[in-house]
Amino acid sequence: MSDEAVEQRRALIRKKQKLSESSPIMVSPSLTEEQHNLVGQLLDAQDKTFDFNFTYFRNFRPIKRSMDPSDIPHTSSTAYLMLPHISDLVTYMIKGVINFAKVIPYFRNLTIEDQIALLKGSAFELCVIRFNMLFNDEKRTWECGHFTYDIDDIAMAGFRQLFLEPLIRFHCMLKKLSLHKEEYVLMQAVSLFSADRLGVIEHETIDKLQEYCALTLTAYIETQHAPSRENRFLFAKIMECLTELRSMNDEHSKQLLHIWDVQPDSTPLMKEVFTEISL
C-alpha cells in the first residue's frame, strides 16, 4: 500500500472514530422528519434494486466446481473454474447497487463526475453489504435464491487467503450484529458517500452527506433499540465494519487485477468499475 493510501486509510479511521464518539451526543433521541424521509428513500431504493431471491439472475455462465476438495483452492485445474459464473453473479449485484444509488435524490443531485467516482469507489463495498443480508453465519454460505455459495467457490474464482479470510470474518462479524434492514441501507449510504474516493471533486458536499447519513444511523439505533451495553456500541461496531470493508476493497482490487492478468475472463461492467478503483 502506498504512503498516500496509508494516510487516506488513517484519515478514514480518525473520521470514523470521531463520528463514533460524537454522534450519540449530537443527535436527538428521535428521528427528524428529514431523517425519516431519508430512511424511507433508502428502503425504497433497495426494494426497487435488490433482487433478494435472484429471480431475474438469468443467462449466466454455468457453475463449475471441483469434485475433489483437495484441489481447492489453487491447482492449475481448479483455480479459475468458478470465475465465469462468479463474474456474472457480481456483475448482477453491481447493476443493482448502481441502480440503488441512482434512485437516491441526494446522489442524483451530485455532478456526473462525482456520481461516477463514488460508484467506482464503493461498488465492491455495497455489493458485500448486500451479500451479508444473504449470509448464513451458521453454515457460512451465501443463499442467493436457488443458488448457494461458499468461500471455496470464491477461491475457485482465483482469490487468495489474504482476501478470503478477512471476507468470511467480516461477514460473520456483521451478521452477528443482527442489523435491521434500515441499518443495512444506511450503512450502504455511509459507504457510498465517501468523499475520499479517487476522482471526487465536491469533497465538502459529499462529506456532509456522509455525516448526515451517519447521524441518521445513530438516531435510528437510539430510537429503535432497547438501551443496553451491546446496543450502546452498535454504531461503533458498524463503523468498524466499514473500516474493515475499506481494507478489503483495496485487497480485492489488487487480487482481481492479478486474476485478470492470468485469466482475463470478466464482464465489461466489472472492467469498467474495478479497473479504475485501483489506479
Given the condition within 20 Å of Tyr149 (Cα to Cα) and surrounded by fewer than 21 Cβ atoms within 10 Å (Cβ to Cβ), answer yes or no: does some residue in segment 93-110 qualify? yes
Just checking, how many residues over segment 178-219 are farther than 23 Å from Phe131 by Cβ and in a loop (DSSP other than H, G, I, E, B)? 7
Quick test of your reading of the structure: Cys213 fulfils all but one of (1) crowded, with 20+ Cβ neighbours inside 10 Å; (2) more than 17 Å from Ala101 (Cβ to Cβ). Name the failing condition by number. (2)
Being in a helix (DSSP H, G or I) and surrounded by 15 or more Cβ atoms within 10 Å (Cβ to Cβ) is the filter here, so list the residues in segment 159-168 that pass it. Phe163, Leu164, Pro166, Leu167, Ile168
What is the one condition in (1) more than 13 Å from the chain's Cα centre (by Cα); (2) farther than 30 Å from Val262 by Cβ; (3) hydroxyl-bearing (Ser, Thr, Tyr) that Tyr149 does not satisfy? (2)
Need the failing condition index for Leu234 against (1) farther than 30 Å from Leu31 by Cα; (2) of a type in the set (A, V, I, L, M, F, W, C); (3) in contact with an Asp or Glu (Cβ under 9 Å, 6 or more places away or on another chain), just the number. (1)
Applying the selection to segment 117-147, what residues are over 18 Å from Ala45 (Cβ atoms) and part of a helix (DSSP H, G or I)? Ala117, Lys120, Gly121, Phe124
Selected residue (only one of Ala226, Ala219 is loosely packed, with under 15 Cβ neighbours inside 10 Å, over 25 Å from Thr111 (Cα atoms) and aliphatic (A, V, I, L, M)): Ala226
From His252, His171, His180, grab the single residue that is in contact with a strand residue (DSSP E or B) (Cβ under 8 Å, 6 or more places away or on another chain) and either buried (at least 17 other Cβ atoms within 10 Å of the Cβ) or touching a residue at least 24 places away in the same chain (Cβ under 8 Å) (or both). His171
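Where a number appears in this text, it was derived from the coordinates with a stated rule and is not lab data. Treat the numbers as computed from the prediction; the structure is a model and nothing was measured. So basically every Cβ, Gly included, is an ideal-geometry build from the backbone, and we count neighbours across all protein chains shown.
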